[in-house]
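Data block below; observations after.
The values are calculated or read from the model by the stated rules, or taken from the named source; none is laboratory data. Quantities reported herein were computed from a predicted structural model and do not represent experimental measurements. With ideal geometry, Cβ positions are generated from the backbone for all residues, glycine too; neighbour counts draw on all protein chains shown. We work out accessible area using only protein heavy atoms, side chains counted, and drop any ligands, DNA or RNA first. Shrake-Rupley method; radii C 1.70, N 1.55, O 1.52, S 1.80 Å.
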Amino acid sequence: MSSDTVLVDANEMIAARARRALIVAEPIVILGAGISGLAASLASGAPVYEAEHHVGGVAASDSRNGFTFDRGIHILQTNHPKVQKLLDDSGVRLNERSRQAYIYSHGTYTAYPFQVNTAGLPLALRVRCVWTFLTRRDDADPANYEEWMNAKLGRGFADTFLVPYSEKFWTVHPREMTHEWTGNRVPQPTTWQVLRGALWSRQTRIGSNADFRYPSNAPGYGAIAEALSTRVSAIHRGHRAQRLDVERHTLHFDNGTSVAYKRLISTIPLPELVRLCPDAPEDVRHAASLLRTNSILVVNLGIGRPGRNGWHWVHFPEKDLSFFRISFPHNLGDNVTPPGMSSISVEVAYSVEQPVDRETIVQRVIDDLIKVGLLDRSDEVVFTSTRDIRYAYCIHDFARKDAVRLVRSWMLQHDVVPTGRYGFWNYFWSHEALMSGLQAGEKAAKELRGEAIPDESWADSA
Ligand SMILES: Cc1cc2nc3c(=O)[nH]c(=O)nc-3n(C[C@H](O)[C@H](O)[C@H](O)COP(=O)(O)OP(=O)(O)OC[C@H]3O[C@@H](n4cnc5c(N)ncnc54)[C@H](O)[C@@H]3O)c2cc1C
């Protein structure tokens, strides 16, 4: 061994000792500064560690050249008093909107939800939708999401809209999915609403987003996370967790720093959390590998003219179009485009089985928007950007429930509390992610103070 090697070893030992000596210790540590992590911090006073240099996670907004885009359409769909109080206390101002949403099917735009607004569709299709709705066999216990659609809405609506849309959006066939997540997410109409919608489309206002809200005092939905973050005690940005030592209760980051904790509240996706843990046993690793998600590539376009209508969003079930949903940011919020301009945010779902061609997608999106009449050939596209959402919607397939339970229970045994949309691996809206974060923060703080813990938990919805 050369004297140089001895010197290097000695220096490394000193540096390692110095690093160990620098490990900060906190009672509670929160991983991830999305909506749920920020809420957990507000409830517990604990510091947040975040990989990115901005807050908000999937509910953040990106602003450039006068255009602000969300990461796929985001609207607030709750008036829950606890959420409202948190937003009020944080100074978030919201405007009220009455939904103007559409579905493009068979060459025409019909109002959302499809089930109660078929009047514009070809007559034969309308008759089939209504007839199969009236004669459906409302099975109390459908085996999968496709059977659920047939039982609740009938084959006509399923075949025309729900099945093709689901295949495009989830990137898996609905027969591979459970229906446990549907709740108020798929509007279920009355017979009268279906009949009326087939005779004259009236924008029947059913579903949890018939009225919704959107931030008004700063551009973009990301204003919510930004406002919450101003009240958080400490946010350590640019700290990407690289390794989690569950035995020593220590989290190590890619910038060489570490933090020790008594409770770790993690809001990062469960598969990523397991990957951080070299000590995770094989069954936990296997369970994490079963968790499936779709991914979404958001293509943002700035258009050099004002918007032409007041539409908020449109769904596209048909296979020949590249996107499943588009939205019009200038109709949702204020100051999201330069004066006299408008914008379109386009969502393209993809997965390993259904990849997206990144070289051609922007041009394909523009061509498809021209095809469906939302852009003219003469329109000037003055701005384009893309945003990749690797973990978008967690897929509720038949492996999910047991896999989530196994991973979560191993984490909880080691004082790691997964929360938020991707910690429960659930179809959480942002307000549900926020509530889950609040509860995780309150619970951890009470536990460490030795107080009784309320028996309400978002874990029930996992
Ligand atoms: C396309 C789309 C549209 C949506 N539309 C709506 C809507 O209209 N209305 C609505 O209410 N909800 C909507 N949602 C849901 C809403 O966005 C989520 O429920 C919510 O934002 C989830 O917040 P979270 O904090 O749980 O997770 P995230 O936002 O994912 O936060 C996790 C954070 O952890 C960080 N992180 C990840 N890995 C690491 C690491 N190794 N180290 C450190 N930090 C890390 C991430 O950067 C991120 O900031 C939508 C979601 C998507 C994907």
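Things to note:
- Single residue of Val348, Val382, Val336, Val365 found to be within 16 Å of the ligand (Cβ to nearest atom), outside the structural domain of Trp429 (by TED's automatic domain parsing) and assigned to a strand (DSSP E or B): Val348
- Any chance Trp181 is aromatic (Phe, Trp, Tyr) and either under 30 Å from Ser63 (Cα atoms) or touching a residue at least 24 places away in the same chain (Cβ under 8 Å) (or both): yes
Yes/no per residue for (1) among the acidic types (Asp, Glu); (2) open to solvent by 40 Å² or more (accessible area, probe 1.4 Å):
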{"residue": "Glu359", "(1), (2)": "yes, yes"}
{"residue": "Arg364", "(1), (2)": "no, yes"}
{"residue": "Asp368", "(1), (2)": "yes, no"}
{"residue": "Asp379", "(1), (2)": "yes, no"}
{"residue": "Val382", "(1), (2)": "no, yes"}
{"residue": "Cys394", "(1), (2)": "no, no"}
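- The set of residues from segment 202-222 being of a type in the set (A, V, I, L, M, F, W, C) and within 14 Å of the ligand (Cβ to nearest atom) comprises Ala210, Phe212.
- Listed conditions (1) more than 16 Å from the ligand (Cβ to nearest atom); (2) at pLDDT 95 or above are all met by Gly450, apart from (2).
- Failed item, numbered, when Phe169 is tested on (1) modelled with pLDDT under 95; (2) closer than 21 Å to His315 by Cα: (1)
- Among the candidates Ser44, Ser36, residue that is within 11 Å of the ligand (Cβ to nearest atom) and modelled with pLDDT of 95 or more: Ser36
- Extreme residue, nearest to the ligand (Cβ to nearest atom), among residues of segment 62-112 that are over 24 Å from Gly207 (Cβ atoms) and in a strand (DSSP E or B): Phe69
- Hits in segment 47-61 (condition: more than 7 Å from the ligand (Cβ to nearest atom), open to solvent by 30 Å² or more (accessible area, probe 1.4 Å) and not hydroxyl-bearing (Ser, Thr, Tyr)): His53, His54
- Any strands (runs of 3 or more DSSP E) falling wholly within segment 223-296 and containing at least 1 residues that are open to solvent by less than 30 Å² (accessible area, probe 1.4 Å), touching a Pro at 6+ places or on another chain (Cβ under 9 Å) and within 9 Å of the ligand (Cβ to nearest atom): 258-266
- From Gln77, Gln115, residue being in contact with a strand residue (DSSP E or B) (Cβ under 9 Å, 6 or more places away or on another chain), open to solvent by less than 70 Å² (accessible area, probe 1.4 Å) and touching a residue at least 12 places away in the same chain (Cβ under 8 Å): Gln77
- Yes/no for Gly420 being within 12 Å of the ligand (Cβ to nearest atom) and not in a loop (DSSP other than H, G, I, E, B): no
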